[in-house]
Amino acid sequence: MYMEIGRMRLTRKDFLSPLAGLASLATGRAAPANGSAQYRCRLTATRDNCGTASVARSQAGGIFMRRFFTCLLIAVAPWAAASPDVVPLWPEGVPGAMQNGAAYAGDDRAPTAYAPTLTVYSPPNDHANGTAVIVCPGGGYVGLSVDLEGSDYARALNDMGVTAFVLRYRVRTRHPAPLLDVLRAMRLVRSQADRYHIRPDRIGIMGSSAGGHLAATAGTLFDHPLGRTGADLDKVSARPDFLILAYPVITMSGPDAHAGSRKALLGAFPTEEDLRLMSVETQVTSATPPTLLIHTQQDRLVPVENSILFYQALTRARVPAEMYLFERGEHGIGMRSRLGTAADWPKRAKEWLQGKGLLD
């Protein structure tokens, strides 16, 4: 969640640190030594420094300030304490967990065991338009970039009135575990469309890097037997209504394959059958949903040819598709600025969604 004041976007994290300092100003008590003193320095009238100070305030001014910050705390504290809902994907137990070993989330520096989840980011009720996107962060199938390619995207989607679900899928596990997770996520969200005030025919998947590969597998293998567990939820369609793929891993064969993702997903010695199945450019059919592709020419980790291969397959299958190829930007651009025209790709994505009527 976040709040905008003027042109500043303030997140929950921004508010939590100064709350203790504001409370001390409102009550007249000393603030704890946890960094809140820096906020007192910014908010008082004059100081020689932040360690020793003399503040000249009239009694009337002090009363005003205490009342002001008390009101601010009342208004902000409930909002700051709120956090996105986290929904377990497999409350009945993760399928194949014992056979596949532990699953991990986070980044490569500090992997932590976890069960797959969806984190729900909802736009304000008066801004919601009924469209939803499941976001698959990248990470080479060994970690998850849950901020750069997860929550950052979710907040941008919320700005458009779109409900976002950030997927923590299984990594450091073999195929088909990630496929099971993403298709379960689609079925779960679609089955609970009323709960989240979204339309079951306006649910897409967005993914970056290896997360883009996972999103593309959902768009091509949504009805594959490997994506089913026999649960009642399997009766719900897992086909996404649209795809947004940012610098995606697509192929598992040839010089353009991302070797790290291939090894993490299929092992050091994959079979020809698995290589063909997971090279998703070979799995495109006329049932593949409309797709937007984003990539950069400077990407050396996942070559731009990956997006081109998928776009060509979509074109052959007569699936509506658009592709934006930018000059600047190394792999993992996320929503970073200062990348020339590549920094505008979120605007192009918004225009594409608008053109599809998904933001009405």
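At what distance in nm do the modelled label points of residue 287 and residue 147 sit from each other, each positioned 7 Å from its Cα along Cα→Cβ?
The answer from the label model is 4.1 nm.
Could you compute the FRET efficiency for residue 272 and residue 156, with r as their C-beta to C-beta distance and R0 at 45 Å, rounded to 0.05?
Working: r = 40 Å, r/R0 = 0.88.
That pair, residue 272 with residue 156, gives E of 0.70.
Starting from the 7 Å offset along Cα-to-Cβ, what nm value, one decimal, do you get for the label separation of residue 201 and residue 343?
With each label placed 7 Å out from Cα toward Cβ, I get 4.0 nm.
Whenever you get a sec, compute what percent of the accessible area on segment 208-360 sits on carbon and sulfur atoms (1.4 Å probe). Don't jump to the answer; show the numbers that get you there.
Values: 3450 of 6980 Å².
Solvent-exposed carbon and sulfur of segment 208-360 make up 49 percent of the total.
Work out how much length residue 312 to residue 325 would gain on full extension: take 0.36 nm times their residue separation and subtract the Cα-Cα distance, in nm to one decimal.
On the way: separation 13, 0.36 × 13 = 4.68 nm, distance 1.38 nm.
Between residue 312 and residue 325, full extension yields an extra 3.3 nm.
Lys and Arg at +1, Asp and Glu at -1: add these up for the other residues within a Cβ distance under 15 Å of residue 300 and post the number.
On the way: positive: 328; negative: 256, 299, 305, 327, 330.
Once positives and negatives cancel, what remains is -4.
At 1.4 Å probe radius, can you tell me the per residue accessible area of segment 191-345 in Å²? Could the numbers behind the result be given before it?
Numbers: 6960 Å² over 155 residues.
I get 45 Å² per residue for this part.
Mark the label point 7 Å from the Cα of residue 301 along Cα→Cβ and return the residues of segment 211-252 whose backbone N is within less than 19 Å of it.
Inside the label zone: 211-216, 245-252.
Pop out the ³J(HN,Hα) list for segment 304-310 in order, Karplus 6.51 cos²θ - 1.76 cosθ + 1.60 with θ = phi - 60°, rounded to Hz; leave Gly and Pro as x.
4, 4, 4, 5, 4, 4, 5
Hey, can you rank 249-257, 344-352 by average C-beta count inside 10 Å, highest first? Before the final figure, lay out the partial values.
Details: 249-257: 19.6, 344-352: 16.4.
Descending packing order for the listed peptides: 249-257, 344-352.
The values are calculated or read from the model by the stated rules, or taken from the named source; none is laboratory data. Since this is a predicted model, take the numbers as computed values, not measurements. Here the Cβ is made from the backbone with ideal geometry for all residues, glycine too, and neighbour counts use every protein chain on show. To get the accessible areas, we keep the full protein, side chains included, count just its heavy atoms, and leave off ligands, DNA and RNA. Shrake-Rupley method; radii C 1.70, N 1.55, O 1.52, S 1.80 Å.
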